[in-house]
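Each reported figure results from applying straightforward, stated rules to the coordinates on display, with no laboratory input. Here the structure is a predicted model, which is why all the values come from computation and not from measurement. Counting neighbours? That spans all protein chains shown, and the Cβs are built from the backbone with ideal geometry, glycine included.
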Number of protein chains: 2
Amino acid sequence: MLRTILLALRRLLRYLVARMDTAAAAPQVSFETHPSRYRHWTLAVDGEIARLTMKVQPFGGQDAEVEPAGAGPAGDGPEPQAKAYQLKSNSYDLSVDIELADAVQRLRFTHPSVKAVVVTSGHDRIFCAGANIYMLASATHPFKVNFCKYTNETRLTIEEASAESGIRFLAACNGATAGGGYELALACDEIVLVDDGSSTVSLPEVPLLGVLPGTGGLTRVVDKRKVRRDLADAFSTLAEGVKGKRAVEWGLVDAVVPRSKFADTIVQRAKALAAAVPRVARGPGIELDPLEPRVSKDRIEYRHVTLALDHGARVATLTVRAPEGEVPTKAAEAFSQGPGGWGIRAARELDDALLRLRFHHEGIGLLLLRTQGDRRKAHAVGELLAGPSAGRAGSAGDGLQPKAEAPEAWILRETRLLWQRVLRRLDVMARSLFAVVDEESCFAGPLFELLVAADRSYLLDADGVEVWPGALSDGALPGWSGLSRLETRFLADRGRAKAVIAAGREGPIDARRAQQLGLATVLADDIDFEEELRVAVEERASLSPDALTGMEASYRFPGPETLATKIFGRLSAWQNWIFIRPNATGETGALSLYGKPERPRFDWRRT
Amino acid sequence: MLRTILLALRRLLRYLVARMDTAAAAPQVSFETHPSRYRHWTLAVDGEIARLTMKVQPFGGQDAEVEPAGAGPAGDGPEPQAKAYQLKSNSYDLSVDIELADAVQRLRFTHPSVKAVVVTSGHDRIFCAGANIYMLASATHPFKVNFCKYTNETRLTIEEASAESGIRFLAACNGATAGGGYELALACDEIVLVDDGSSTVSLPEVPLLGVLPGTGGLTRVVDKRKVRRDLADAFSTLAEGVKGKRAVEWGLVDAVVPRSKFADTIVQRAKALAAAVPRVARGPGIELDPLEPRVSKDRIEYRHVTLALDHGARVATLTVRAPEGEVPTKAAEAFSQGPGGWGIRAARELDDALLRLRFHHEGIGLLLLRTQGDRRKAHAVGELLAGPSAGRAGSAGDGLQPKAEAPEAWILRETRLLWQRVLRRLDVMARSLFAVVDEESCFAGPLFELLVAADRSYLLDADGVEVWPGALSDGALPGWSGLSRLETRFLADRGRAKAVIAAGREGPIDARRAQQLGLATVLADDIDFEEELRVAVEERASLSPDALTGMEASYRFPGPETLATKIFGRLSAWQNWIFIRPNATGETGALSLYGKPERPRFDWRRT
């Protein structure tokens, strides 16, 4: 009891401090948190089974973790968190999803023994009501889009953990499961709904709000769960949702269970999921430490990453530095370096920088990707992460335990997957990406992927300019489409991707050879390089930001399609369109009028 | 000379009549035309080679073929054709594309001997400048979207003719090839560009207009031609385009040829294309006759199709009637029926009705699909079209001549492909589709596909209510994704699609059995049927038209992705979004200000 009061006081204090800070300047949400500071979720680990319980603090939206004021230029960042909305009915906003993303990340690094996670609610009659409507309705268009993208990435992270880290997720829907709440359940491997005569699963966005279930819902209903499309149609226009036997018959959930047997069933099913999980390397965990970047108006500085912002030119430069000091050569050494090891730390810093760029600096249209440092060391990290004993499950889910592996081998798998996620986050940045390669550069190991993730690459034609693709780039870090970035680049002739890998096996590749291999959009010598780059940057920053977003979204994902590319390419595009239409967000649009007595008025023309 | 003057006079007269008509009410563009009436294209057939030459009449946009006034309710149809714009530089509007679509259709039916088509320009220094910008800028959002969709369908028709009708297309780019002009070239099998030091291919939409190349351009650059994505990026932001050797190196064109050798080279390459075309059934052609529907305010009446419009309820009912009289049992009989045969005529009528609904009646949100007539006859037509000697190339492009075929066998192939195209047009209608099945219904043969194309199906549970899937539905009429509509419906278990086909082999399937087989969204008896349908219709018609469009676009295309699904799902969604953004169509947007001295002003926030 005393502990409860103390906790409440601590929260109140944090809330007041946060409010004071925000008085000075726009607050900027932080993407870092820790289970000890969660306000909306609890993460409880019991051997192989973890339980992730959502009990959203109604005022969480106003009580978000914010950084000291003055960190960003006024007007360059959204401040949706300062709006007055309540997170009723376990509805969520960005702060809730940041905790969820953190929990999944920590499960992988801190609790690698966990094989099944029960995702449930701490409320009696409600699992989750989805994204908070008042938050959405009051947010700017860019924030809406960024919010949906982030929540989508979090859901896909859950599915990646299931597919590649040997962690199965069970949605224990102990009450109403609506909108984004059902989309969260859809991201899990199994969905069990309580059968109490009233609890339903539903996607009420279309009938109630005039928008789409934008967190992958539509795609997962027909593409992941393969619900018959006419039933999916009926389901998604039925505001009250579907319950009981029909929910099972339609394939919307895997089982319904009476409330009296719900808890036991969940325990049993979680155990069954854990027992059937493919065997992957597991071992003792590590605690992820805070990143503590130094944030100023035009610079975010981490240990290995710097994001420099030129607000006037609308250009940012992201520089990632290679490892210094000893580079681990096996799993045990990587493990002993803990969270401070470059592989983990640099990736987390890069991830944080990308998120801050997205949410805090919407006006930056072009990101220059630069690298610095010792190519041999970055290359060595890459080879270790891609190596034969890097804790991978081999061909996906073949159920074989990797042989003769150190107990710490899991850390190599998770570090690789961390890079995979960060690079995929980069792939869906709605910013132009130019890689810049000069004498200082270190496009080697995982950093080589920055070169091929970029929309264009500018290579200086000079001695000492080298890039170094390694084993990681040979399929170990696929993009959202499932192809490696090299395969995506050379879709016309995948042999050229192999040629790049083969060249990298011989050692670093100089600039001219890189151009011959197809790695340079532009190769220019000393005399022209800076000028060529300057003109390209200015030109890029002058073009319509919307047209560039649409163009880049089309060009970054040629070739095969996956659930993820469908979500980011198709569903998100439709959602963006609908969000900007007067029928949703105009004065008489459905989203704007939600919760008000007026009925929305539509422009009925169908397009 | 006299003929030229007479033709000019005739055109002037038609122009004046059209203008007079438009004074009375909104004109409604007609989707029918004939080579003898083309104003922008000429179609010349010489044995196995045809030449399709574009020479757009600058005032074609104002001189479009329109129907007598009073055909539609005021305000329910767009009238982009009445705007004052000139189609300079071989730029096109809807009237130009209607002629192109007609030409491709007539090549298949009237000239089945043709194996290669040269697509070129009648202007000296310009191939095609793409869609007319002033037309686009002045058009409503629904018209923009419908225009892009129609032009996309036309391009995909060209690719279908290449893949399935044994007609190869050669883009002879004898001058500047910009925007939609290059997109037209991309739809061809080969692109040859004149090498004259100035002629380029270009996609200037992003840099000049702040919109996307919306006719499949981005998708085809990286997915069809597989241009390296960084080069695609550079190309698509370079307003002046790419010419000469670089255009070949980047994969944007297949060859560049000096002007002096251009004509000869084109002839040679066209012959080579014709020589290498897979062997398919060919024979004497037929002339497609005019449809001559009776059009009134709330009804469009064809021989086999009726479209009844309830503008107040925003609901239309499309009824397709089964064949009457003799049904052909082999190719020669189908051929002897000519264009009046039900298989061709009903499909063309359905196609025309869908286009009129799209363009003339934007306010209709829901389309009820009904059928009437003799199920045995419709079934028999379907079996003939799907039959073993139905002029198909077997497994796509295997180069084998079908054995022992009548010379008229081509007509079965082309009739089947016509249904394929019409049904695919239905699949991308931005309208909700409910199939209604009662005692009168005839969901059999090709009409069975209407049932499975629908978003929902309502079946009356009564004696005599039957549906009849046949061989056509077993993969002979795939949707845009390449799957049959039954496979799409039963993505979770394709065996269920096979079960439906197997049941149809036994004969018509009654309503209850149809429900057991998964063909009914709702099965209701006499007492409830009308009421259930009425409520569903009213509810559907009350929902946000935008949200429904996005939802249906997601649910209609689960499973595999193709160039077409990428274009309609991804590219079109982005294009729709960009079209509605102030950065394109706001007062200071790039599209609005095109051709004016002011520079566009952008909201720089990247989303």
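Go through segment B:493-502 residue by residue and turn each phi into a ³J(HN,Hα) via Karplus (6.51, -1.76, 1.60, θ = phi - 60°); whole Hz please, and just put x for glycine and proline.
Once θ is set to phi - 60°, the couplings for segment B:493-502 become 7, 5, x, 5, 5, 5, 5, 5, 4, 4 Hz.
Within segment B:160-197, which residues have the backbone N less than 14 Å from the label spot 7 Å out from B:Arg259 along Cα→beta-carbon, could you tell me?
What the label zone holds, given the 14 Å backbone N cut-off, is B:174-176, B:194-197.
How high is the FRET efficiency from A:Asp46 to A:Arg376, r the C-beta distance, R0 51 Å, rounded to 0.05?
On the way: r = 44 Å, r/R0 = 0.86.
For R0 = 51 Å, the calculated efficiency reads 0.70.
Okay, helix-only estimate at 222 nm for chain A: each DSSP H run of n ≥ 4 adds -39500 (n - 2.57), divide by all residues, round to 500 deg cm²/dmol; what do you get? Before the final figure, lay out the partial values.
Values: 20 runs with 236 residues, N = 607.
When only DSSP H runs of four or more count, the value is -12000 deg cm²/dmol.
Express in nm, to one decimal, how much length is gained between A:Glu240 and A:Arg601 on full extension, taking 0.36 nm for each residue of separation and deducting their alpha carbon distance.
Here the segment from A:Glu240 to A:Arg601 would lengthen by 127.8 nm.
Can you list the distances in nanometres, one decimal and ascending, from the B:Asp374 label point to the identical position in each other copy, with the point 7 Å along Cα to Cβ?
Spelled out, the distances from B:Asp374's label point are 8.7 nm.
For A:Glu301, place a label point 7 Å out from Cα along the Cα→Cβ vector, do the same in each other copy, and report the separations in nm, one decimal, smallest first.
8.3
State, to one decimal in nm, how far the label point of A:Thr588 lies from the label point of A:Ala462, with both points 7 Å from Cα in the Cβ direction.
6.3 nm
Under 25 °C and 0.890 mPa s, how fast does chain B diffuse according to Stokes-Einstein, given a Kirkwood radius computed over C-alpha pairs? Answer in µm²/s, whole number. It would help to have the intermediate numbers written out before the result.
On the way: Rh = 25.0 Å.
Rounded to a whole number, D works out at 98 µm²/s.
Quote the charge dipole size of the protein assembly as shown about the Cα centre in Debye, to the nearest 20; the model charges only the Cβ of Lys and Arg (+1) and of Asp and Glu (-1).
Working: 154 positive and 156 negative charges, 81 e Å.
So the dipole magnitude of the protein assembly as shown works out to roughly 380 debye.
In what order do A:Ile98, B:Ile567 fall by count of nearby beta-carbon atoms within 10 Å, going from fewest to most?
On the way: A:Ile98 23, B:Ile567 28.
Arranged by neighbour count, lowest to highest, A:Ile98, B:Ile567 become A:Ile98, B:Ile567.
Can you list residues from other chains, or at least 5 along the same chain, whose modelled amide H is less than 5 Å from the amide H of B:Asp195?
Amide H neighbours of B:Asp195: B:Val257, B:Arg259.
If you find the alpha carbon centre of segment B:423-470 and of segment A:574-607, how far apart are they in angstrom?
Segment B:423-470 and segment A:574-607 have Cα centres separated by 31 Å.
Over the C-alpha atoms of the protein assembly as shown, what are the Rg and the largest Cα-to-Cα span, Dmax, in Å?
30.6, 104
Using only alpha carbon pairs under 8 Å that are at least six residues apart, calculate the relative contact order of chain B and give it in whole percent. Write out the running numbers ahead of the final one.
On the way: 1216 pairs, mean separation 71.1, N = 607.
Value for chain B: 12 percent.
Would you kindly derive the ³J(HN,Hα) couplings of segment A:212-225 from the backbone phi angles with the Karplus curve 6.51 cos²θ - 1.76 cosθ + 1.60 (θ = phi - 60°), listing them in order in whole Hz, with x for Gly and Pro?
Result, rounded to whole Hz: 9, x, x, 9, x, x, 4, 5, 5, 4, 8, 9, 8, 8.
Distance from the Cα centre of segment B:471-487 to that of segment A:186-243, in angstrom?
Centre-to-centre (Cα) distance: 26 Å.
Step through the residues of segment B:463-478 one at a time and calculate ³J(HN,Hα) from phi using the Karplus curve (6.51 cos²θ - 1.76 cosθ + 1.60, θ = phi - 60°), rounding each to whole Hz and writing x for Gly and Pro.
For segment B:463-478, the Karplus-derived couplings read 4, x, 8, 9, 10, 8, x, x, 5, 4, 7, 9, x, 7, 10, x Hz, x marking Gly and Pro.
Suppose we flag GluC sites (Glu not before Pro) only when DSSP calls them loop and at most 13 other Cβ atoms lie within 10 Å. Which is the longest uninterrupted stretch of chain A? List each step's numbers first, then the result.
Values: sites that count: A:Glu240, A:Glu287, A:Glu324, A:Glu326, A:Glu439, A:Glu587, A:Glu598.
Answer from the scan: A:1-239.
In nm, one decimal, shortest first: how far is the label point of B:Ala272 (7 Å from Cα along Cα to beta carbon) from the matching points in the other copies?
Label point to label point, same position, other copies: 6.3 nm.
Can you pick out the pairs among A:Lys498/B:Lys245; A:Lys224/B:Lys498; B:Lys144/B:Lys596; A:Lys149/B:Lys226; B:Lys330/B:Lys377 whose Cα atoms lie more than 23 Å from each other? Before the final figure, lay out each step's value.
Numbers: A:Lys498/B:Lys245 26 Å; A:Lys224/B:Lys498 21 Å; B:Lys144/B:Lys596 21 Å; A:Lys149/B:Lys226 27 Å; B:Lys330/B:Lys377 14 Å.
Pairs exceeding the cut-off: A:Lys498/B:Lys245; A:Lys149/B:Lys226.
Setting aside same-chain residues fewer than 8 positions from A:Lys55, which aspartates and glutamates have a Cα under 14 Å from its Cα?
Straight-distance partners of A:Lys55: A:Asp93, A:Asp97, A:Glu99, A:Asp124.
I want to check the label-to-label distance for A:Ser138 and A:Asp310. Put each point 7 Å from Cα in the C-beta direction and report it in nm to one decimal.
In this crude label model, A:Ser138 to A:Asp310 measures out at 3.8 nm.
Give me the distance in nm between label points sitting 7 Å out from Cα along the Cα-to-Cβ direction at B:Gln516 and B:Ser296, one decimal.
Simple spin-label model gives 4.5 nm for this pair.
Stretch B:Glu439-B:Ser113 to full length: gain in nm at 0.36 nm per residue minus the Cα-Cα span? The partial results should precede the final answer.
Working: separation 326, 0.36 × 326 = 117.36 nm, distance 4.35 nm.
Residue separation times 0.36 nm, minus the Cα-Cα distance, leaves 113.0 nm.
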